[in-house]
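These notes are about the structure you will find just below.
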Amino acid sequence: MTARTFISAAVATLALSAGVAHAADAAKADAPTVVIVHGAFADGSDWSRVIPYLQAKGIKVTAVQNGLDSLSGDVTAAQRAIANAPGRVVLVGHSWGGTVITQAGNDPKVAALVYVAAFAPDAGQSTADQGTQYPVPEGIKHLQADAAGYLSLSADGVANFFAQDLPRSRTDVMAATQGPIQSKAFGEKVTAAAWSTRPNWYIVSSNDRMIQPDLERDYAKKLNARTTVLPSSHVPQQSHPEEVAKVIIDAVQTVAAK
């Protein structure tokens, strides 16, 4: 091999490597980010058992910290996270977070929605409007309001109704770190339902004591969602984290393939 031939081969190899690297970077940049919106009586750490499964797959994840003072405030917090995401977004919401993503998910960057034992109101509806035709879930009867109108659950309420399939040592921590929610937030209405224009996934918790499981099943049908049913309390992200992660990964992979 002459010196000229060797140099030409080396340049070609470098060009090919650069092209492959550029393609890999482009694919990585186009990979959707997962933005997670937690529910009432919780904070972002509620998702600490699911996030490692997503990160192990190379998925970028942001867990929003909701103020739980109002629907508009929590939507704004989710919108900030969506705006900061480097590309398309798979938006995940648990419980009250389902109402939040129903509104915040109208952002054009949001490519798919994942509802986890979550509310999914129609446009013009509030969270308080949901489930009125079903029996009141047992856990709702154990909400406590403070003088400012913020609702919370006692340690016994968390252990027996919010997360009855978790050990008491964990539910006591959950009770201590919970985010009380302003009761007025439940009366705020969404103006547009993002689920009506996007692909949806829904996880039904069949042993839920905070939202009626039959309501969750009806949401899944209404959303025409890819549905997974788990034998879980209201917090499958804590008791069945691997299964919840698989649903989110499926949504990410579906978006990435488009």
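Couple of notes before you dig in:
- Annotation note: of V92, V75, the sole residue that is under 19 Å from V61 (Cβ atoms) and of a type in the set (A, V, I, L, M) is V92.
- Test: residue in the range 128-140 that is in the same structural domain as M210 (by TED's automatic domain parsing), of a type in the set (S, T, Y), within 21 Å of A77 (Cα to Cα) and at pLDDT 95 or above: no
- Filter result for P135 (in contact (Cβ under 8 Å) with a residue 60 or more places away in the chain, part of a loop (DSSP other than H, G, I, E, B), out of contact with any Cys (no Cβ under 6 Å at 6 or more places or on another chain) and surrounded by fewer than 20 Cβ atoms within 10 Å (Cβ to Cβ)): yes
- Some residue of the range 60-69 being polar (S, T, N, Q), in a helix (DSSP H, G or I) and assigned by TED's automatic domain parsing to the domain that holds A117: no
- Test: residue in the range 122-140 that is touching a helix residue (DSSP H, G or I) at 6+ places or on another chain (Cβ under 6 Å), within 21 Å of S45 (Cβ to Cβ) and among the small types (G, A, S): yes
- Members of the range 113-126 that are surrounded by fewer than 24 Cβ atoms within 10 Å (Cβ to Cβ) and not small (G, A, S): P121, D122, Q125
- Scan of the range 29-43 for residues that are surrounded by fewer than 24 Cβ atoms within 10 Å (Cβ to Cβ) and either under 10 Å from the mean Cα position of the chain (by Cα) or touching a residue at least 60 places away in the same chain (Cβ under 8 Å) (or both), ordered by number: D30, A31, D43
- Unique residue being free of Cβ contacts under 8 Å to residues at least 24 places away in the same chain, surrounded by fewer than 19 Cβ atoms within 10 Å (Cβ to Cβ) and either closer than 25 Å to L71 by Cβ or under 18 Å from the mean Cα position of the chain (by Cα) (or both) when the list is K221, K189, K184: K221
- Among the residues listed as A245, A251, the single one being in contact with a strand residue (DSSP E or B) (Cβ under 7 Å, 6 or more places away or on another chain) and either of a type in the set (A, V, I, L, M, F, W, C) or at pLDDT 95 or above (or both): A251
- Qualifying residue in the range 155-177 (condition: of a type in the set (D, E, K, R), closer than 24 Å to I59 by Cβ and not in a helix (DSSP H, G or I)): no
- Filter result (small (G, A, S) and outside any helix (DSSP H, G or I)) within the range 178-204: G179, A192, A193
- Search result, residues across the range 205-237 that are in contact with a helix residue (DSSP H, G or I) (Cβ under 7 Å, 6 or more places away or on another chain) and part of a helix (DSSP H, G or I): P236, Q237
- Filtered residue count, the range 192-210, keeping only those that are polar (S, T, N, Q) and surrounded by fewer than 18 Cβ atoms within 10 Å (Cβ to Cβ): 4
- Residue among P231, P213 that alone is crowded, with 17+ Cβ neighbours inside 10 Å and farther than 23 Å from A56 by Cβ: P213
The values are calculated or read from the model by the stated rules, or taken from the named source; none is laboratory data. It should be emphasised that the depicted structure is a prediction, and the values quoted were computed from it without experimental measurement. With ideal geometry, Cβ positions are generated from the backbone for all residues, glycine too; neighbour counts draw on all protein chains shown.
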